[in-house]
Each structure stands twice: as structure tokens, then as C-alpha cells.
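Single-structure report; data block below.
The values are calculated or read from the model by the stated rules, or taken from the named source; none is laboratory data. Please read these numbers as outputs of a predicted model, since none were measured by experiment. Quick reminder, even Gly has a Cβ in these numbers, built from the backbone with ideal geometry, and neighbours come from all protein chains shown. Accessible surface areas use protein heavy atoms only, side chains included; no ligands, DNA or RNA. Shrake-Rupley method; radii C 1.70, N 1.55, O 1.52, S 1.80 Å.
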Amino acid sequence: GMIERHWNRSSLAGEFQRYAALVEQELDLIDELVSGCYLAMADFHLFTSFSMLYFAAATTYEQRRLGGEISPGGGFLCADDEQLRAIVRQTRRRLEGALAQGEGALSSERFRQDVMQAIAPFDNVGLRDPSACNMYRYTAPIIR
């Protein structure tokens, strides 16, 4: 592992700093995903839309991992992908702000459309397919 490769070398401190930053990114991403789901929990449509962010992250991570695109030490759930983290962060903040404004501030259909557009670059398994009715048979990563 990391310690074995860098033991007694000047690179060890830098590797620990890199690892600490990665763990912080992972925790931040998971916190955003979980808190967004809790915020949306009272509305099934908002919840299912927001949860697509998790599924996009999970299936993209698995596809990249199995395709050899993620090196050892890569971020869990693509936490080291700044674009994905930004999408999750912005979507959760938008959801939180709209819910704070009260009923009618956020159309669940408009929110769904916005989430589907946001996850498009990360949808490798048909998460945006409305005919699936939130039931996805083939979410195992497809390696191309």
C-alpha cells in the first residue's frame, strides 16, 4: 500500500496529505448525498429524483473501476471528480433553498428534469429512462 511504497522516503508526508484530502472529498460527497435524501424524504418524487445523483455516482464509479480508469487510491463514488461533486453540491443546495421557501417553490417535475440533465454525463445505465418507472434492471456497469 501507500505506506509500504513511501516508507522512509520524503514522499510519505505528501502521500498522507493527498490521502487526507481524498478522504475529506469522499466524506463531503457522502454528506451531500445523504443530507439531500433526508431533505427530500417527505416528497417521493423529489426523493427519487435526488437519489439519482447517488446512482449516477455509484454506477459511474463501478464502470470506471472495472474499466481500469480508477487507480488504487482513487475516490470512492468518484469523489475525486470535481464535476460530479459540484453537481451534487449545487443540486442539494437548490433543493434546500426551495424547500425553505415553502410549498410551491419547487416543482417536482422541474426538479426531476434538472437532475436528469445534470447527471447526463454520468448516466451509463439508463437512469434517465422515464419508462423504467424507478425500477432499473440493468444497473451493473457496462464496460465498453
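Kindly express, to the nearest 10 degrees and within the range 0 to 90, the angle between helix 108-119's C-alpha long axis and the longest C-alpha principal axis of the chain.
Result, in degrees: 30.
At a threshold of 8 angstrom on Cα-Cα distance, excluding pairs fewer than six apart, so keeping six or more, what relative contact order does the stretch 1-124 reach in percent?
33 percent.
If you roll a 1.4 angstrom probe over the protein chains with everything in place, what fraction of the accessible area of the chain belongs to carbon and sulfur, to the nearest %?
Of all accessible area on the chain, carbon and sulfur atoms account for 53 percent.
Counting only the heavy atoms of the protein chains, how much of F55 is accessible to a 1.4 Å probe, in Å² to the nearest 10?
Surface open to solvent at F55 totals about 80 Å².
Where the centroid of each part is defined by its Cα atoms, how far is the stretch 70-140 from the stretch 16-36 in Å?
17
In Å², and per residue, what accessible area does the chain have when probed at 1.4 Å with the other protein chains present?
Accessible surface, normalised per residue, equals 62 Å².
Solvent-accessible area of C133, probe 1.4 Å, all protein chains present, reported in Å² to the nearest ten, please.
Using a 1.4 Å probe on the heavy atoms, I get roughly 100 Å².
Kindly sort Y38, Y61, Y19 by accessible area of their heavy atoms, largest first, with the probe set to 1.4 Å.
My answer, sorted largest first, is Y38, Y19, Y61.
What list of ³J(HN,Hα) values in whole Hz, one per residue of the stretch 13-28 in order, does the Karplus curve 6.51 cos²θ - 1.76 cosθ + 1.60 (θ = phi - 60°) give from phi, with Gly and Pro shown as x?
So the Karplus estimates, Gly and Pro as x, are 4, x, 5, 5, 5, 4, 5, 4, 5, 5, 4, 5, 4, 4, 5, 4 Hz.
Quick one: net charge of G36's neighbours, Cβ under 15 Å, K/R +1, D/E -1?
With Lys, Arg at +1 and Asp, Glu at -1, the neighbours total 0.
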